[in-house]
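One structure is given below, encoded as structure tokens.
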Amino acid sequence: MLYVLCKIGAKVDVMDYGMNVIYDLMNYATEAESDALSGNKSMGLDDMIKAGKGGVF
Amino acid sequence: MWNDGISKQLDGLLDSMGKEIPEEYIDALKEVIDEEVGSYKQNINGNVPIDTGGLKNSFTVEKIIKQNYYGYRAYFKGDNKNGVPNEKIANILNYGTEKIYGTFFIDRAIRKLKGMGKRIEKKAEKNIAKRIKELQNG
């Protein structure tokens, strides 16, 4: 499942992931990336794609 | 030299750009997301491995309705006739298993989205330049 979801607010770089995509990505995400995916910190679109993760935003 | 009205409008636009996201930026964001999600959809539809056609037919792109957010959810909806989730089948075909090679059709489609942030910025700059020109020309 891919989410292309952008928050429109003070900044336009907050990406959001749904639970399903978090679950799918956990299998191959590193610990730090998993933290980002689970919402512990925000990660930009390009960072996420650079990291090879499936989701966008 | 600009007349007062245009100066005020320009000031207003430039002012808003410093304080909040200008409308032109939000429009650019929406336009680019729409275009690229459309391309993603075409890409998946054109490359999804086909056996019965059930998996291809299950591919769904839905707009996410959430305040202050804009975007889409793309996934393989439902289960096949044996009760296996289509999303799971798609992931297996994408990544492969010990016994079958992955086709990476999803990964490849996602990779094409790389740089979307920059494309949004570029589009926004164009929209803002156009708006400023419109204000200057009255």
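Every number here is computed from the coordinates shown, using simple stated rules; none is lab data. In this text, all values refer to a predicted model and were calculated from it rather than measured experimentally. FYI the Cβ positions are ideal-geometry reconstructions off the backbone, even for glycines, and counts take in every protein chain you see.
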- Note on the structure: For segment B:32-46, pairs from a residue that is away from chain A (no Cβ under 11 Å) to a residue that is among the hydrophobic types (A, V, I, L, M, F, W, C) and part of a helix (DSSP H, G or I), with Cβ under 7 Å and 6 or more apart or across chains, are B:43/B:109
- Item | Those residues of segment B:113-138 which are more than 10 Å from chain A (Cβ to nearest Cβ) and either in contact with a Gly (Cβ under 7 Å, 6 or more places away or on another chain) or not in a helix (DSSP H, G or I) (or both), in sequence order | B:138
- Query: So which of B:96, B:102, B:54 ends up being on the phi > 0 side of the Ramachandran plot, of a type outside the set (A, V, I, L, M) and surrounded by 13 or more Cβ atoms within 10 Å (Cβ to Cβ)?
  - Reply: B:96
- Out of segment B:68-86, which residues are crowded, with 18+ Cβ neighbours inside 10 Å, of a type outside the set (Phe, Trp, Tyr) and within 10 Å of another protein chain (Cβ to nearest Cβ)? B:71, B:73, B:74
- Task: Quick one: in segment B:53-69, of everything that is free of Cβ contacts under 8 Å to residues at least 12 places away in the same chain and within 18 Å of residue B:89 (Cβ to Cβ), which residue is farthest from the chain's Cα centre (by Cα)?
- Result: B:53
- Message: Let me confirm something: among B:117, B:138, B:102, which residue is within 21 Å of residue B:53 (Cβ to Cβ) and either touching a helix residue (DSSP H, G or I) at 6+ places or on another chain (Cβ under 9 Å) or not acidic (Asp, Glu) (or both)?
- Response: B:102
